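Bear in mind these aren't lab numbers, they're just calculated from the coordinates by the rules spelled out. Bear in mind the structure is a predicted one, so any value in this text is a computation, not a measurement. All Cβ positions, even for glycine, are placed from backbone atoms using ideal geometry, and neighbour counts span all protein chains on display.
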Amino acid sequence: MSPTVPSVPTVLTVAGSDSGGGAGIQADLKTMLALGVHGMSVITAVTAQNSLGVQGAWELPVAAVRAQYRSVVDDIGVQAVKTGMLASAELVEEVAELIAGTDAPAVVDPVGVSKHGDSLLAASALDSVRTKLLPVATVATPNLDEVAQLTGVRVESEGEMRRAAAAVLAYGPRWALIKGGHLAGDAVDLLTDGSEEHWLRAPRHDNRHTHGTGCTLASAIAARLAKGDSVPEAVAAAKEYVTGAVAAGFALGGGIGPVDHGWRFRGDS
């Protein structure tokens, strides 16, 4: 019996669980719902996490990650895949192999540390990200800390973002989105495939509640790709969505609160 064709695009996130609900799998699924696609998940790790930081993390066995992925893809199918926290070299390599065998665009968010500075990727896994995961990415979305971690290139100004993009593209992704949110001034990102460039700017909002920004942006890109957008179209739409989510970020607990994934639904309520 052949599977039914879903009435809405399907997107699969392969990432860690954030018990506080601001980032990780939880942020990914909220973003996908907000953007009108059906979100599905492969959990790679479980974290004990809140607004103050990560208190613990436990990665799942490779076999469990593979089984979740195959269960979803072989029956339901996917129009896009997004990766987040992969924790270890073994998981990075397994997920890269699974993505390579899947006929769908892949958005790779090479998560290295949390918003609070907690490590979410073993140092031994960095080479696997460079040589296995980035080459299968349709779009790689590193922030400036992750660019430095992966390539050694440190960006201190907007003018240095081209050099960072070239260093990331050298590892093989089709497109690199260098996120310049850590720089002063407007929130500026550079999207390039090595030949064409797209600079995306948004006003910087005076709001410290930005937990989950990277997960949210990558998931929004994947959602738009699943709906048929080109990469530049998907990234521009995702940037608009996440800018609104950051502006509406709210306090939660005693530390850094999350962006508001449902900001478009608030209206006059």
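Summary of values
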item	result
Radius 15 Å from Cβ of I43, net charge of other residues (Lys, Arg +1; Asp, Glu -1)	-1
Residue-count net charge about A222 - beta-carbon cut-off 9 Å; Lys, Arg +1, Asp, Glu -1	+1
For segment 30-104 versus segment 194-252, the gap between their alpha-carbon centres in whole angstrom	20
Distance between modelled label sites at W199 and R154, nm, 7 Å Cα→Cβ extension	2.4
Under DSSP loop assignment and at most 10 Cβ neighbours within 10 Å, longest GluC sites (Glu not before Pro)-free interval of the chain	1-155
Extreme residue, positive dipole direction of segment 153-269, given options G181, G253, T216 (C-beta unit charges)	G253
At 0.890 mPa s and 25 °C, Stokes diffusion of segment 1-160 via Kirkwood alpha-carbon radius, µm² per second	152
Cα centre as origin, Lys/Arg/Asp/Glu Cβ charges: the chain dipole, Debye	300
Residue-count net charge about V231 - beta-carbon cut-off 11 Å; Lys, Arg +1, Asp, Glu -1	-2
Calculated on alpha-carbon atoms, Rg and Dmax of segment 164-236 in Å	12.9, 36
Inter-site label distance for A123 and A100 at 7 Å from Cα along Cβ, in nm	2.7
